[in-house]
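Asker: Take this structure, written in structure tokens, and hold onto it; I'll ask about it next.
The values are calculated or read from the model by the stated rules, or taken from the named source; none is laboratory data. Just so you know, these numbers come straight off a predicted model, no measurement behind them. Cβ sites come from the backbone with ideal geometry, for glycine too, and all protein chains shown count toward neighbours.
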Amino acid sequence: MSETEALESMVGGEYKYGFTTDVEYEDFPKGINEDIIREISRRKDEPEWVLEFRLEAFEKWKQMEEPDWPNVEYEKPNFDEIQYYSSTKKKDGKKPESLDEVDDQILETYEKLGIPLEEQKQLQGVAVDAVFDSESIFTTFKEKLAEAGVIFCSISEAIQDHPELVKEYMGSVVPKGDNFYAALNSAVFSDGSFVYVPEDTVCPMDLSTYFRINNMQSGQFERTLIICEDNSHVSYLEGCTAPMYQENQLHAAVVELVALEDAEIKYSTIQNWYSGDEEGQGGIFNFVTKRGHCRGDNSKISWTQVETGSAITWKYPSVIMQGDGSIGEFFSVAVTNNRQQADTGTKMIHVGKDTKSTIISKGISAGESDNSYRGLVKISPRAENAQNYSVCDSMLIGQTCGAHTFPYIESANPTAKVEHEASTSRVGEDQIFYLQQRGMDEDDAISLIVNGFCKEVLQELPMEFAVEADKLLGIKLEGSVG
Amino acid sequence: MLEIKDLHVCVEEDGTEILKGVNLTINEGEVHAIMGPNGSGKSTLSKVVAGHEAYEVTQGDILFEGESILELEADERAHLGLFLAFQYPVEVPGVTNKNLLRQAYNTIAQEQGREELDPLQFEDYAKEKLDLIKMKPEFIERSVNAGFSGGEKKRNEIFQMAVLDPKISFLDETDSGLDIDALKTVANGINQIADDDNAVVMVTHYQRILDYITPDHVHVMIDGEIAKSGDKDLAIKLEEQGYDWLIEPATASVNGEQQ
Ligand SMILES: Nc1ncnc2c1ncn2[C@@H]1O[C@H](COP(=O)(O)OP(=O)(O)OP(=O)(O)O)[C@@H](O)[C@H]1O
Ligand SMILES: [Mg+2]
């Protein structure tokens, strides 16, 4: 896409993905209890151990309280009003084997979202798993990946086809009772993606999952598990959108990454869930637990996120660096506008020797929004020569928004080196005037300033995603200087 | 080309009047110099012409090629071919000079119905302009003005002027902060850009730059008005005698000047 086209597509500024797909859903009761959980498990035809996993998580969840330490304010969801499983009616009640069996409306939906699933139109070089409400609809390039020994499928399929792998790793990074929303997810989780890359393998293409919430009543509780064996490598992307509804919807995901010796996982997210209207009506509650485990020596896990959507975001992609010499990275852009609230950051836990972590966080607040960075760098006693470098920059647009940083450092090893830099700047009238004087209109000027501010993070994204992110930032902040 | 008629301007926020009836006519092919004491309103005049929103025009008009531009936004005025080299150029971290300028160039080209340049064509075009003012090529890859020295920022403004090839340019104290050699180079560059179809207005405190760029007209601004206009000799006289002889007693005491 040319620069001018990219700029033109910014005009309009509305949330482009707010449409609803009119599909028929299977009946499923609202609310949460043991019977509901059994029913989810039955409909998914799960083995007994998965049901047990769910029930144990549910027991823990019942004992837990919703946390109130994040710097966000919202009306707590009514857990009895949520539908925890949402499946569209199928012709013969089974997951489609080929695209011909996928509902045309759903295919159209993905086409509209810019992710065509039909073979001729598929994005090249990227395999896509399309998740619609609680189900994975289709996964592309499966055969090609299988040739390389890479497994890429929905977690439900993985439970059926590769139970030994799921059993070994699911819950090993984010335990069932880790926190309130992780426990809820573990009890009712629906689809998400499963990736397994065998030893000495560079995954031949980028893998991506596109999450779509469509059903107004349902929450989305996806679960993703990525395992990279020794000396293997994968780059995974996820994108998310939802229709515009007046009501808030809950999205509580769990993502677990495991990197063994010399393995490398790069996980990129563009989160653009519906963020509610200007008055703060509606929008997604995005309460997510994402954690990576550098289990092997010299392994590397890198999170890159561009968070632009959701009414409320509450998310701390983390890395536990257990293997000696392992590396954790977190690159984040979080944009809030109107009444959005975001409390996001990371946890870098240094366990092994010579472990290294980098945190680059760029928060942009506009309108009446609130944007908080919360990060923990923890150095355990054994982590000789651990190093962390953190940069945490905030940019304010206008006078009515807020930016906050909460950096926590806990170091139990004197050889560790921890560096933290932080800055806050305001997009000034003078900066905008300067660019306008050079011929750019106000929105392009802001978009340029913001893109410059986020550059270190945006350049971490794979190409296709970088273009998308660039556009998104522009749309998101359009008209934010009044 | 540009006609400023009885221009009265105040600060939008608190209503303080800064320009108190400025008249100025600038024709194609002319070079003007505006001099005057600190705080007399020279930068304000440049910014108002460029369309800065912090100021309100309360009386008078600004005509560009016969039409009023008061209703136009700053970017629309830039599209007409109006350029301002800032007294204090702004830093834009993370945005390279090249990206900014290519976007600026193409936006203006599009508005004026000229051909846009693709990245490779633009690179060649920009290199030529760099040579004009002897700026090192690495500067176009650097973030706009970020970490530039004072003199480098000023030179970068003229580089931008060269790239955008405007019809009329206001250069606000471009000479301040340039060393002796840089002043010569930059002046030389400006001379090459100036031709019969465009016009240059230089705001300056020193007559030195006027040794290299000969102005057709020199104006002295005092307390928001053009107190005197003349030719190059006026600049020389100011250099020798200062502004005292031009300041009315009443104004002088307000400004705290001797009397
Ligand atoms: N946005 C503003 N708000 C308040 N006062 C302003 C504003 N802009 C200009 N002024 C005032 O108007 C007067 C003229 O300022 P201006 O910058 O135009 O002076 P100048 O002639 O360019 O001076 P110098 O030679 O020092 O650059 C000054 O007293 C200045 O403080
Ligand atoms: Mg000035």
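Asker: Filter the stretch B:145-177 down to the residues that are more than 14 Å from chain A (Cβ to nearest Cβ) and outside any helix (DSSP H, G or I), then identify the one that is farthest from ligand 1 (Cβ to nearest atom).
Answerer: So, considering only residues that are more than 14 Å from chain A (Cβ to nearest Cβ) and outside any helix (DSSP H, G or I), the one farthest from ligand 1 (Cβ to nearest atom) is B:Ser149.
Asker: Report the residue count in the stretch B:1-26 for those that are small (Gly, Ala, Ser) and either without any contact (Cβ under 8 Å) to a residue 60 or more places away in the chain or within 16 Å of ligand 2 (Cβ to nearest atom) (or both). Give the steps one after another, and end with the answer.
Answerer: Of the stretch B:1-26, the ones small (Gly, Ala, Ser) are B:15, B:21.
Applying the additional criterion that residues be either without any contact (Cβ under 8 Å) to a residue 60 or more places away in the chain or within 16 Å of ligand 2 (Cβ to nearest atom) (or both) yields B:15.
Number of matching residues: 1.
Asker: Collect the residues in the stretch B:67-103 that are more than 10 Å from every other protein chain (Cβ to nearest Cβ) and free of Cβ contacts under 8 Å to residues at least 24 places away in the same chain, keeping them in residue-number order.
Answerer: Result: B:Glu67, B:Ser68, B:Ile69, B:Leu70, B:Glu71, B:Leu72.
For (1) within 16 Å of ligand 2 (Cβ to nearest atom); (2) more than 21 Å from the chain's Cα centre (by Cα), each residue gets a yes or a no:
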site	(1), (2)
B:Val90	yes, no
B:Leu117	no, yes
B:Glu152	no, no
B:Met161	no, no
B:Thr174	yes, no
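Asker: How about the stretch B:31-61: which of its residues are more than 18 Å from A:Met440 (Cα to Cα), crowded, with 22+ Cβ neighbours inside 10 Å and touching a helix residue (DSSP H, G or I) at 6+ places or on another chain (Cβ under 7 Å)?
Answerer: Result: B:Ala33, B:Ile34, B:Met35, B:Gly36.
Asker: Which condition does B:Tyr206 not pass, out of (1) within 14 Å of chain A (Cβ to nearest Cβ); (2) of a type in the set (Phe, Trp, Tyr); (3) within 16 Å of ligand 2 (Cβ to nearest atom); (4) assigned to a loop (DSSP other than H, G, I, E, B), if it passes all the others?
Answerer: Among (1) within 14 Å of chain A (Cβ to nearest Cβ); (2) of a type in the set (Phe, Trp, Tyr); (3) within 16 Å of ligand 2 (Cβ to nearest atom); (4) assigned to a loop (DSSP other than H, G, I, E, B), the lone unmet condition for B:Tyr206 is (1).
Asker: Ok, one more. Could you tell me which of the residues B:Thr185, B:Thr214 is more than 14 Å from every other protein chain (Cβ to nearest Cβ), more than 20 Å from B:Ile26 (Cβ to Cβ) and either in contact (Cβ under 8 Å) with a residue 24 or more places away in the chain or within 16 Å of ligand 1 (Cβ to nearest atom) (or both)? Talk me through it step by step, then tell me what you get.
Answerer: Working: B:Thr214 fails: more than 20 Å from B:Ile26 (Cβ to Cβ).
Just one listed residue meets the conditions, B:Thr185.
Asker: For the stretch B:68-88, check the following and say yes or no: at least one residue is buried (at least 19 other Cβ atoms within 10 Å of the Cβ), within 16 Å of ligand 1 (Cβ to nearest atom) and more than 15 Å from the chain's Cα centre (by Cα).
Answerer: no
Asker: Working only within the stretch A:229-244, note down all residues that are touching a residue at least 60 places away in the same chain (Cβ under 8 Å) and farther than 14 Å from A:Ala127 by Cα.
Answerer: Answer for the stretch A:229-244, where residues must be touching a residue at least 60 places away in the same chain (Cβ under 8 Å) and farther than 14 Å from A:Ala127 by Cα: A:Asp230, A:Cys240, A:Thr241, A:Ala242, A:Pro243, A:Met244.
Every residue, every condition in (1) within 12 Å of ligand 1 (Cβ to nearest atom); (2) touching a residue at least 60 places away in the same chain (Cβ under 8 Å), yes or no:
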| residue | (1), (2) |
| --- | --- |
| B:Glu28 | no, yes |
| B:Ala33 | no, yes |
| B:Pro37 | yes, yes |
| B:Ser43 | yes, yes |
| B:Ala50 | no, yes |
| B:Tyr55 | yes, no |
| B:Thr58 | no, no |
| B:Phe64 | no, yes |
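Asker: Could I ask something else about it? If a residue has to be under 16 Å from the mean Cα position of the chain (by Cα) and within 19 Å of B:Val11 (Cα to Cα) to count, how many in the stretch B:40-67 make the cut?
Answerer: Residues of the stretch B:40-67 under 16 Å from the mean Cα position of the chain (by Cα): B:40-52, B:62, B:64.
Restricting the remaining residues to those that are within 19 Å of B:Val11 (Cα to Cα) gives B:40-52, B:62.
Selection size over the stretch B:40-67: 14.
Yes or no, residue by residue, for (1) modelled with pLDDT under 95; (2) in a loop (DSSP other than H, G, I, E, B); (3) closer than 27 Å to A:Val450 by Cβ; (4) within 16 Å of ligand 2 (Cβ to nearest atom):
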| site | (1), (2), (3), (4) |
| --- | --- |
| B:Asp124 | yes, no, no, no |
| B:Glu128 | yes, no, no, no |
| B:Lys134 | yes, yes, no, no |
| B:Phe139 | yes, no, yes, no |
| B:Asp181 | yes, no, no, no |
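Asker: For residues in the stretch A:214-247 being buried (at least 24 other Cβ atoms within 10 Å of the Cβ) and touching a Cys at 6+ places or on another chain (Cβ under 8 Å), which is farthest from A:Ser134 (Cα to Cα)?
Answerer: Here the residue is A:Ser232.
Asker: Test A:Tyr15 against the criterion of being in contact with a strand residue (DSSP E or B) (Cβ under 9 Å, 6 or more places away or on another chain), closer than 26 Å to A:Ser154 by Cβ and aromatic (Phe, Trp, Tyr), and give yes or no.
Answerer: Numbers: in contact with a strand residue (DSSP E or B) (Cβ under 9 Å, 6 or more places away or on another chain): yes; closer than 26 Å to A:Ser154 by Cβ: no; aromatic (Phe, Trp, Tyr): yes.
Answer is no for this residue.
Asker: Another question about this same structure. When you check B:Arg142 against the structure, is it touching a Phe, Trp or Tyr at 6+ places or on another chain (Cβ under 9 Å) and within 14 Å of chain A (Cβ to nearest Cβ), yes or no?
Answerer: Numbers: touching a Phe, Trp or Tyr at 6+ places or on another chain (Cβ under 9 Å): yes; within 14 Å of chain A (Cβ to nearest Cβ): yes.
Against the criterion (touching a Phe, Trp or Tyr at 6+ places or on another chain (Cβ under 9 Å) and within 14 Å of chain A (Cβ to nearest Cβ)), B:Arg142 qualifies.
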